[in-house]
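The structure appears below as structure tokens.
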Amino acid sequence: MKSAYSRQFALIAGLILSSFLLLGASFATLSYRYTMGAQMDTLEDTAQFIGEFTASYRSQGMDIRSSGFRAYIFSLAKISKAHVLLCETDGEIVYSADGQEEGALNALVGQRVPEVVLRKIQTDGGYHRQGNLGGLYQESRYIAGTPIVIHGGGQDNTIGVAFVSTASNDLTYLWRKLSGIFVFAAVGVSFVAFAFTSVTTKRQTRPLKEMAETVRDFGHGDFDKRVAGAYAARPDEMGELARAFNAMADSLAKAEAQRSEFIANVSHELKTPMTTISGFADGILDGTIPPEREAAALETISSETKRLARLVRRMLDVSRLRSEQGIVAQEQFDVVELTARTLVSLEGKISAKKLDVVVELPEEPVMVWGEPDAITQVCYNLLDNAIKFAREGGHLWVNIRKEGSKAAVTVKDEGETIPPEELGSIFDRFHKSDKSRSMDRDGVGLGLYIVKTILNEHKENITVESADGLTTFAFTLTLV
């Protein structure tokens, strides 16, 4: 299996090579055509100029075998770095020069240009192509030819042909130089691009490898691993991914801790009443508990059994709320009426604690969106919790008011202050202010967790404040 690094590097390297190959092919083609076209134009212009000069020289009755003419043509051949051939109309070469050494091409004098070339010049008015001019040259050359025409007397008289040629290597010299520069630059740029690609690709894939290793550690139960802080500090998408990964790892670690705590709490909550029930039942059966105390023992067994039932019921409520079928439909209802009805249902507990209830409810209905039964459970749990922890003979406040598009429901009791360090975890499962659990024998630590879960399902908020013996819970509902 190829790694992400090799695939990414191969992809980018392939794109770079393909780009340079395409660019190189285009450059080679265009530059070759340009340089060759320019050189051929120069050859044709030189041949045309020599033909016109020769025609002008002959029209004045001067002999092309003169030293002055030969010196001039020799200079032109030297300047243009080309071979010059002059021939009669029948193709016989009468003069040749290469611009390097006088008489170096005298061997060509007297030979004849092929008839097919002469016909081509006569038909097309010129000649330009690559070849050896019918075997006159040993190597292939670029050749341009033009007729030597004398104009006068109302008619044109062709007296010969001028040829100018240059070696193929000389003609492509500039193109080879340009191509060499391009290849050198392309190789240098490719090397830098490959090195940069390798570094950047490794930089992109290294966090992914570390994340994969961290996930494998998660699979072995080690939830303490995190992606290195250097990656998380990066401002790009990889940094965002690293930060999201670390946040996910924190959530997994917290979920694992909560799972362990949940198991421990459930075990504790089940163990305590079951131990009590088992102890009193065995005491009755083996006679350890005298008959006169059996009634009290049975009452304790009944109380602990009810406590177990409440725990199971609460756990079922939590399971139902956490499932997809937790809260399905919402409807309009009057939160004032719902709160008042809940208060009435708790009248016995309020009277038992001798609480002074201060109710601040609007006279008109306050219609909100929600699931009435679920919100009834929220109000019941909050009021029951406030009654339970309020000091005997203290005050209990219930308030409902409108705040913008929300209805705010507040429940406040007068009792013990909740320590600040516990406020952040008060809505956790099985959380109790009394760690020994001796002060709250009736509670199982799930009431506020259920409240929080229900309000989260409603996309609503709940807050808690506790100071100077006053504890306030406030939650919101969306107004109709």
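Observations on the structure shown:
- Output for the stretch 379-407, where each listed residue is open to solvent by 10 Å² or more (accessible area, probe 1.4 Å), in a strand (DSSP E or B) and not aromatic (F, W, Y): H395, N399, R401, K402, E403, K406
- Residues (of a type in the set (A, V, I, L, M, F, W, C) and touching a helix residue (DSSP H, G or I) at 6+ places or on another chain (Cβ under 9 Å)) located in the stretch 80-100: A82, V84, L85, L86, C87, I93, A97
- Against the criterion of being on the phi > 0 side of the Ramachandran plot, surrounded by fewer than 20 Cβ atoms within 10 Å (Cβ to Cβ) and either at pLDDT below 90 or of a type in the set (K, R) (or both), G99 qualifies.
- Condition met for L321 (open to solvent by less than 30 Å² (accessible area, probe 1.4 Å), aliphatic (A, V, I, L, M) and at pLDDT below 85): yes
- Among the conditions (1) out of contact with any strand residue (DSSP E or B) (no Cβ under 7 Å at 6 or more places or on another chain); (2) modelled with pLDDT of 85 or more; (3) of a type in the set (S, T, N, Q); (4) more than 14 Å from G91 (Cα to Cα), N157 misses just one, which is (1).
- The stretch 276-293, residues that are surrounded by 14 or more Cβ atoms within 10 Å (Cβ to Cβ) and modelled with pLDDT of 85 or more: I277, G279, F280, A281, G283, I284, I289
- Close pairs from the stretch 446-475: first closer than 14 Å to V409 by Cβ, partner among the small types (G, A, S) and in a helix (DSSP H, G or I), Cβ under 6 Å, at least 6 apart: I454/A374
- Any hit, the stretch 368-375, residues being touching a helix residue (DSSP H, G or I) at 6+ places or on another chain (Cβ under 9 Å), open to solvent by 70 Å² or more (accessible area, probe 1.4 Å) and of a type in the set (F, W, Y): no
The values are calculated or read from the model by the stated rules, or taken from the named source; none is laboratory data. Values in this document were obtained by computation on a predicted structure and should not be read as measured data. Positions of Cβ are generated from backbone atoms using ideal geometry, with glycine treated the same way; all protein chains shown enter the neighbour counts. These area figures cover heavy atoms from the full protein model, side chains too; ligands, DNA and RNA do not enter into them. Shrake-Rupley method; radii C 1.70, N 1.55, O 1.52, S 1.80 Å.
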